[in-house]
Amino acid sequence: MSRPYRVNSPIVVGVDDTEAALRAVRWAALTAAKHHVPLHLVHASGFSDPYLIGFTVPPPEMFKEDLQERQRQALRTAEEVAAELDAPSVEARFESDAAIPYLLHASRDARMVVVGSSGRTGLAGLMVGSTTIALMSHARSPVVSVRRDYAAAVADDTRPVVVGVDGSHLSVRAVGHAFAEASLRGVDLVAVHTWSDTSTALLEERRMFVDWEPVRDYEMRVLAERLAGWQEDYPDVRVEREVVKDRPRHELLERSRSAQLVVVGSRGRGGFRGMLLGSTSQALVHHAACPVMVVRPEKHPERV
């Protein structure tokens, strides 16, 4: 099977003036160092910056100049943070475009797009809300959400990478990215397959008619088949296989407590008015205890 990343494709990070953004920069810088690829730091807010919303007339030029200087300072600080973490080939860009369209465009050539949650409204804050969900619903590359309450990223993190496997073609792509991340980080991969998405009550009722063991054996074979090709490509990665009687969102949220990254696939369909993200993906983005990578359907078949 082909590797999931293009050679030397950059990691792109959305930057603003919050501590949450700096945590995303730290995570992305360490990841860029492990991937040995360029790191692109971008501040893109345009006229959708929350400070400009609500003005019935254009704000004074002095106000805009002061705001731009603060934004440029945020980029300079992000550059310093990335340099301290030995990220290779750091490039910082200040863009006048709005965040969503610019980052979606950047995702076409990115290895991944990383955003942090500041918990404030508006596009420049890159909160877990419209911007993050829009990117995860429409970006070409995987998108990683780093929430503000995560522990600081560390270079020698030994916790595993966790991937959700549902047997679909999309989850196979997620498995590929998860294997790549586990290999580059030198950690184990925990592959979690929940064989039923029903509620616990319905599951218990079903057990009156279906013997659990044969079903579990079948689901274990399904999981093994989904992992086989990638395991051959990444023989250095030790894989722990878990077949669980549970809803995927609950199991993956629990697993996120002891993981350094959770990887899931999401179809992410609909326009910006109805930014739809799979329920499992959305639950993880909002509540997981570690960064979450959401992998969308393949739009660029060429991969090396």
* Structure fact -> Going through (1) modelled with pLDDT of 90 or more; (2) over 17 Å from His43 (Cβ atoms); (3) buried (at least 21 other Cβ atoms within 10 Å of the Cβ) one by one, Thr158 fails only at (3)
* Residues (of a type in the set (A, V, I, L, M) and assigned to a strand (DSSP E or B)) located in region 83-114 -> Val90, Ala92, Met112, Val113, Val114
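Anything in region 269-295 that is assigned to a loop (DSSP other than H, G, I, E, B), at pLDDT 85 or above and of a type outside the set (A, V, I, L, M)? List them, or say none. Give the steps one after another, and end with the answer.
Kept after step one, since they are assigned to a loop (DSSP other than H, G, I, E, B), are these residues of region 269-295: 269-271, 275-278, 288-291.
Narrowing further to those that are at pLDDT 85 or above: 288-291.
Hits for region 269-295 are Cys290, Pro291.
Kindly indicate whether Ile53 is modelled with pLDDT of 70 or more and out of contact with any Pro (no Cβ under 6 Å at 6 or more places or on another chain).
Values: modelled with pLDDT of 70 or more: no; out of contact with any Pro (no Cβ under 6 Å at 6 or more places or on another chain): yes.
Here the answer is no, as Ile53 does not meet what is asked.
I want to confirm something. Restricting to region 129-146 and keeping residues that are surrounded by fewer than 23 Cβ atoms within 10 Å (Cβ to Cβ) and either outside the structural domain of Ala32 (by TED's automatic domain parsing) or not basic (Lys, Arg) (or both), which single residue is modelled with the lowest pLDDT? Break it down stepwise before answering.
Step one: of region 129-146, the residues surrounded by fewer than 23 Cβ atoms within 10 Å (Cβ to Cβ) are 129-130, 134, 138, 140.
Of the ones still in play, those that are also either outside the structural domain of Ala32 (by TED's automatic domain parsing) or not basic (Lys, Arg) (or both) are 129-130, 134, 138.
Numbers: Gly129: 54, Ser130: 68, Ala134: 84, His138: 88.
Checking each candidate, the answer is Gly129.
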* Asked: Going by the structure shown, is Val237 modelled with pLDDT of 80 or more and either under 12 Å from Gly164 (Cβ atoms) or of a type in the set (Lys, Arg) (or both)?
  -> no
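The values are calculated or read from the model by the stated rules, or taken from the named source; none is laboratory data. Being a predicted model, the structure only gives us computed values, none of them experimental. Counting neighbours? That spans all protein chains shown, and the Cβs are built from the backbone with ideal geometry, glycine included.
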